[in-house]
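*Asks:* One structure, as structure tokens, below. Some questions next.
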Amino acid sequence: MQIRFQELTLKSFKSHQDLNVKFGDSTQITGDNAKGKSSILDAVVWTLYGTDVLGRKLDPFPLTYEADETNITLLFSLDGKEVKLGRSLKKGKTSYHINDVPSKAGDFNEIVDNLGGKELFLSLFNPSHFFAMHWEKQRAMVLQFVTAPANKEVLKQLPELQSDKLAGLVKKHSLEDLQKIHKDQKTKLEKEHIAAQSRTQTLNEQLENYEVEGNYGELTAEEQRLTDAIREADKKPAKAWKIENERRQLQSDLDSIQNRIDQSKAKWPDLKNESVPDTCRTCKQPLDDESVKAVETDKEKRIEEFKAEHKQLVEQKKELSGKLAGIEPIDAEAESQKVRDMEKERDGVTAKIRKFEERQRLQQQVTEAEQNEKETRENLNESICILDAIKAFYATEADLQAQKVQGLFETLSIRLFNELKNGELKATFEIEMDEKPYRELSLSECIRAGLELRDVLSEQGEIITPCFVDNAESISRFKEPNGQLVTSRVVTGEELEVTADE
């Protein structure tokens with residue numbers, strides 16, 4: 001698309017009460033300061049956008065004379081087709097004209113919008129406008145003409161390990177999401193790894209200080225032996241108590257027999273010495289021989305019965321004494337004490353076994369803690385590796401993008417990124433010439449930088465517009481831009497003059 005200015009008519013615009021400017025391939029505007037040279041530039045922009053050349057609000061009314069209305073018309077060709085646009089301002093109300101026909105703002109703006117967009121047109125028409133924009137807008141304007149490197153293109157430039165790792169991951173998540181995931185993961189895993197290291201160290205210290213006695217196999221065998229012995233020994237106290245009860249019963253029976261024997265012995269003298277009466281105890285009459293004989297026979301019978309009974313008691317005693325003597329006494333308390341002693345011994349062995357088992361559990365905890373620490377460290381290293389790969393990807397992408405952008409320019413250098421202390425890249429935009437940033441360039445250097453930049457924008461945007469160079473007296477030579485050239489030059493003591501070369 002090519003835009004060529006043909007004629008600009010200013011009526012009551014700032015210092016210009018009635019001015020007509022005709023444009024050629026090269027148009028020179030000369031005159032002393034404050035003669036209205038820059039106002040011609042503002043008039044073009046105000047006609048199209050209602051602002052000054054830098055896109056700021058502009059009051060077009062004159063200060064040195066009275067005027068009720070400001071009116072500007074711009075005649076230009078758009079790809080060979082003539083278009084005439086007019087903007088008027090009267091009592092705060094703006095009116096528009098298209099080819100001298102009163103028009104609506106929407107129709108007017110539709111034509112203006114087709115000139116490539118406000119920011120791009122202003123940057124092409126007035127190169128200094130580009131540098132007045134915010135750096136993010138500058139960056140976006142340049143990068144819109146450069147295709148961002150494809151992921152495959154960037155991955156090819158990375159080391160194989162990083163390339164292979166990211167190639168699989170980007171199938172599921174974007175790089176931005178991957179970076180968020182693993183940044184969060186890294187922070188979390190760093191804390192977990194410190195905790196895992198601390199736990200492993202603590203458990204190892206406990207393990208080193210955990211003492212055990214004996215041999216585990218021998219101890220378990222001894223515990224089993226004692227358990228078996230206790231099981232057998234537990235039977236003896238019960239047996240002892242049974243025997244003791246038998247002995248007590250025998251002794252009780254023996255004591256009872258002995259008591260009866262003693263009682264029998266005590267009765268014997270009376271029976272033995274019992275006299276045979278010769279008179280009746282009732283009537284006191286002398287007994288006859290037959291009665292006396294009966295009494296004597298009765299006594300003898302009772303003596304025989306007594307002796308037989310006494311003998312039986314003595315034989316019972318002998319039998320019980322034999323049984324009692326035949327039962328060997330067992331000390332039940334002593335047997336119980338033996339069991340208690342063995343149980344105490346077994347408890348000691350069991351305690352040693354428990355220490356072995358506790359040490360084994362502690363060893364298992366150490367093994368698990370070391371494994372957890374290892375896995376945490378591996379996961380942490382994996383996240384770090386992925387983050388490093390992403391960082392390398394962005395750096396490579398930035399480098400490739402910068403190369404593409406840099407390839408558009410001949411003398412200017414473009415910086416698209418700043419490297420932060422943590423190694424990450426932060427988007428920026430700065431134009432440099434001879435290793436000096438634009439803000440430090442001289443006026444002539446700024447003009448040359450602006451002209452080179454606007455030609456790149458013009459070529460890449462495929463839009464050719466007139467180009468206005470202000471303060472042209474500050475630069476002796478420069479490469480003329482594509483499209484019409486309009487220069488403004490200060491000539492001391494001279495009135496405003498506009499000349500155009502066909």
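*Asks:* Kindly state, as a whole number, the per residue volume in cubic angstrom of the convex hull around the alpha carbon atoms of the range 1-106.
*Replies:* Convex hull volume per residue, Cα atoms: 118 Å³.
*Asks:* Separate question: Mind checking the range 172-249 for GluC sites (Glu not before Pro) that DSSP puts in a loop (not H, G, I, E or B) and that have at most 14 other Cβ atoms within 10 Å?
*Replies:* E211, E213
*Asks:* Of T492, S198, L8, which is farthest on the positive side of the dipole of the chain, counting Cα position, with +1 on Lys and Arg Cβ, -1 on Asp and Glu Cβ, and the Cα centre as origin?
*Replies:* Going by the charge dipole, the pick is S198.
*Asks:* Still on this structure, I have one more. Want the number for V314 to L362: 0.36 nm per residue separation, take away the alpha-carbon distance, what's left?
*Replies:* Gain on stretching V314 to L362: 9.7 nm.
*Asks:* To the nearest µm²/s, what D does Stokes-Einstein give for the range 72-221 at 37 °C and 0.692 mPa s, using the Kirkwood radius over alpha carbon pairs as Rh?
*Replies:* Reported coefficient: 138 µm²/s.
*Asks:* In the structure shown, do any of K137/K188; K91/K137; K165/K188; K14/K436; K188/K426 have a Cα-Cα gap over 32 Å, and if so which?
*Replies:* Details: K137/K188 37 Å; K91/K137 34 Å; K165/K188 21 Å; K14/K436 37 Å; K188/K426 24 Å.
Where the Cα-Cα span goes over 32 Å, the pairs concerned are K137/K188; K91/K137; K14/K436.
*Asks:* Could you check the simple spin-label distance between S95 and A294, using points 7 Å along Cα→Cβ, in nm with one decimal?
*Replies:* Modelled inter-label distance: 18.6 nm.
*Asks:* Taking the Cα-to-Cβ direction at S198 and at E232 and moving 7 Å from each Cα, how far apart do the two end points lie in nm?
*Replies:* Distance between label points: 5.6 nm.
*Asks:* Pop the C-beta distance of R248 and N215 into the FRET formula with R0 = 56 Å and round what comes out to the nearest 0.05.
*Replies:* 0.70
*Asks:* Now a separate question. If you average over every viewing direction, what projected area does the convex hull of the Cα atoms of the range 197-253 give, in nm²? Working shown, then result.
*Replies:* Working: hull surface 27.7 nm².
If I average the Cα hull's projected area over directions, I get 6.9 nm².
*Asks:* Separation between the R415 and E462 pseudo-spin-labels, each 7 Å from Cα along Cα→Cβ, expressed in nm?
*Replies:* Using points 7 Å along Cα→Cβ, the separation is 3.4 nm.
*Asks:* For the range 411-502, which trypsin sites (Lys or Arg not before Pro) pass both filters: DSSP loop (anything but H, G, I, E, B) and at most 11 other C-beta atoms within 10 Å?
*Replies:* Numbers: sites: R415, K421, K426, R439, R448, R454, R477, K479, R489; in loops: K421, R477, K479.
Qualifying residues, ordered by number: K421, R477, K479.
*Asks:* Here's a follow-up. Could you size up the charge dipole of the chain around its Cα centre, putting +1 on the beta carbon of Lys and Arg and -1 on that of Asp and Glu, and report it in debye to the nearest 20?
*Replies:* On the way: 75 positive and 95 negative charges, 218 e Å.
The calculated dipole for the chain is roughly 1040 debye.
*Asks:* I've got another one for you. When the distances between all Cα atoms of the chain are binned every 20 Å from zero, what whole-number percent does each bin get?
*Replies:* Values per bin, smallest distances first: 14, 22, 14, 10, 8, 8, 7, 6, 5, 3, 0.
*Asks:* Still on this structure, I have one more. Find which of S88, S123, T350 sits farthest along the positive direction of the dipole of the chain, computed with +1 on the beta-carbon of Lys and Arg, -1 on that of Asp and Glu, about the Cα centre.
*Replies:* It is T350, whose Cα lies furthest towards the positive end.
*Asks:* Now for a different question. State the three equivalent ellipsoid semi-axes of the range 445-489, derived from the C-alpha gyration tensor as the square roots of 5 times its eigenvalues, in descending order and whole Å. Display every interim value, and only then the final one.
*Replies:* Details: eigenvalues 70, 25, 10 Å².
Here the semi-axes work out to 19, 11, 7 Å.
*Asks:* No solvent, one uniform scatterer per C-alpha: report log10 I(q)/I(0) for the range 345-502 via the Debye equation at q = 0.17, 0.21 1/Å, two decimals.
*Replies:* Log-scaled intensity ratios, in q order: -1.09, -1.31.
*Asks:* Loop only per DSSP, at most 12 neighbouring Cβ atoms within 10 Å: give me the chymotrypsin sites (Phe, Trp or Tyr not before Pro) in the range 51-110, ordered by residue number.
*Replies:* Here the sparse-neighbourhood loop sites are Y65.
Only the coordinates and a few stated rules stand behind these numbers; no lab work does. From a predicted model like this one, the values you see are computed outputs, not experimental measurements. Virtual Cβ from ideal backbone geometry, glycine too; neighbours counted across all protein chains shown.
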